[in-house]
Amino acid sequence: MSLDEAGKKRKLQLCEMEEQRQMSYENAKLYKEKTKKWHDNRIQHQELKEGQKVLLFNSRLKLFPGKLKSRWSGTFVIHKVYSYGAVDLINPEDNTVFKVNGQRVKAFLDAVAFPEHCSENWATL
């Protein structure tokens, strides 16, 4: 094999490697777009209102949770909702106000109201 043939073969290998790199870049981009679309479709947006009762997620229990200990604490009352997602909560025990990320709260349901046709079936169980 002459030096010219080796040079041509090496240039061809470099071009093929560049094409493979470009294809993998495009595939990664497509994968990220599909994953983002899938994730965005599953996000549940919640409407928080002032005066609403909520539970607060306690992130410190992630490392050592008790067997039956809930990570949700409270019932707190929303004092103010900010446009950027933060929420002021009132602790009803001592009336202190503190600010948390709105993603750390979820609505608290006082009493579950059953429709009339369900409550009749429920009472017979």
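Can you tell me how many residues in segment 79-108 are modelled with pLDDT under 80 and either exposed (fewer than 10 other Cβ atoms within 10 Å of the Cβ) or in a strand (DSSP E or B) (or both)? Don't jump to the end; show me each part of the working.
Residues of segment 79-108 modelled with pLDDT under 80: 85.
So of that shortlist, the ones also either exposed (fewer than 10 other Cβ atoms within 10 Å of the Cβ) or in a strand (DSSP E or B) (or both) come out as none.
Qualifying residue count for the region: 0.
Selection of first residues in segment 31-58 that are under 26 Å from ASN91 (Cα atoms) and of second residues that are among the hydrophobic types (A, V, I, L, M, F, W, C) and outside any strand (DSSP E or B), restricted to Cβ pairs under 9 Å at least 6 apart or on distinct chains, gives the following pairs, ordered by first then second residue: GLN52/PHE108; LYS53/PHE108; LYS53/LEU109; VAL54/LEU48; VAL54/PHE108; LEU55/PHE108. Each residue in segment 6-55 was checked for being aliphatic (A, V, I, L, M), open to solvent by 100 Å² or more (accessible area, probe 1.4 Å) and under 30 Å from PHE108 (Cα atoms), and 0 of them qualify.
Taken over segment 37-53, the residue count meeting the criterion of being in a helix (DSSP H, G or I) and more than 12 Å from the chain's Cα centre (by Cα) is 2.
The values are calculated or read from the model by the stated rules, or taken from the named source; none is laboratory data. Because the structure is predicted, anything quoted here is derived from the model rather than measured. All Cβ positions, even for glycine, are placed from backbone atoms using ideal geometry, and neighbour counts span all protein chains on display. To get the accessible areas, we keep the full protein, side chains included, count just its heavy atoms, and leave off ligands, DNA and RNA. Shrake-Rupley method; radii C 1.70, N 1.55, O 1.52, S 1.80 Å.
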